[in-house]
Amino acid sequence: MNHLPWLLVPFAYLVASISFAWLVARWHGINLREHGSGNLGATNVGRVLGGRWFALVFILDCGKGWAPVAMMIWLISNATDPHPALLQWGPMSTGLAAVIGHIFPCYHGLRGGKAVATSLGVIIALSPIVAFIAFIAWLLAWAIGRLSGLRASMAVGPASVVAAIIAVSFQWWWLGLAGPQRGATLLISLAGALILWRHRSNLGDLLGRRQCDTEQHRNGGAEERGRGAPAD
């Protein structure tokens, strides 16, 4: 019985490899690889199909991260004498398998999404308070991005990076590596690092756009000053 819960680790990977973004797009007759950013994630679904389909895929992706970890925690809590290694590393291993399954899905040539929603589901199962704080941070960062002129889909990347940093920081500040939370802290840190890595191109595009806007503003100001200067 002590070894049976470990089967949830490969199960989590196989379930998380199911791309709900790809399935929803195919249901609409669209190959998501050929539209938008080509990414198999909720953000690209929202970019191509609209906000309500983004919300659906986001919830489903969140669920496939939460369910295996919640099952692992339930099995451990109902075991008569769980092994210490299972207590410490079982939920972490299951959550990590889910995140990796979403990023590198075996059904789609190891090319998946960016694991924001799936990571959130994993964190909900492990540390609900951290998940709540990260979600609020995501909403605030997304709203600020929209107010600063970014399109809804472009604001998702920076908001996800902010939420990942907040989640990792709060988990370390609140619980750190103390006792049974060691595995959760390490997993949240790994998930945050993967989210930052997966969004590196988005951040590069955003910084490039900001730099371009700044240069245009400077050039525009110089032209205005040139036109306003008196002729010799």
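The values are calculated or read from the model by the stated rules, or taken from the named source; none is laboratory data. These numbers were taken from a predicted model, which means no experiment stands behind them. With ideal geometry, Cβ positions are generated from the backbone for all residues, glycine too; neighbour counts draw on all protein chains shown.
Computed quantities for the displayed model
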quantity: Residue within the range 33-42 that is in a helix (DSSP H, G or I) and either modelled with pLDDT of 95 or more or under 18 Å from the mean Cα position of the chain (by Cα) (or both) present; calculated: yes
quantity: Qualifying residue in the range 17-27 (condition: in contact (Cβ under 8 Å) with a residue 60 or more places away in the chain, out of contact with any Asp or Glu (no Cβ under 8 Å at 6 or more places or on another chain) and assigned to a helix (DSSP H, G or I)); calculated: yes
quantity: Positions within the range 135-153 being over 23 Å from Leu49 (Cβ atoms) and in a helix (DSSP H, G or I), in sequence order; calculated: Ile136, Ala137, Leu140, Ala141, Ile144, Leu147
quantity: Meets criteria (of a type in the set (A, V, I, L, M, F, W, C), touching a Gly at 6+ places or on another chain (Cβ under 6 Å) and more than 26 Å from Pro84 (Cβ to Cβ)) for Ala155; calculated: yes
quantity: Qualifying residues in the range 11-45 (those that are farther than 17 Å from Thr118 by Cα and among the small types (Gly, Ala, Ser)) - the one surrounded by the fewest Cβ atoms within 10 Å (Cβ to Cβ); calculated: Gly29
quantity: Residue match in the range 112-119 (condition: of a type in the set (D, E, K, R), outside any helix (DSSP H, G or I) and within 19 Å of Phe20 (Cα to Cα)); calculated: yes
quantity: All positions within the range 108-138 that are farther than 16 Å from Val69 by Cα, crowded, with 22+ Cβ neighbours inside 10 Å and touching a Phe, Trp or Tyr at 6+ places or on another chain (Cβ under 7 Å); calculated: Gly112
quantity: Residue among Ile103, Ile136, Ile73 that is free of Cβ contacts under 8 Å to residues at least 24 places away in the same chain and among the β-branched types (Val, Ile, Thr); calculated: Ile136
quantity: Cys106 in a helix (DSSP H, G or I) and not basic (Lys, Arg); calculated: no
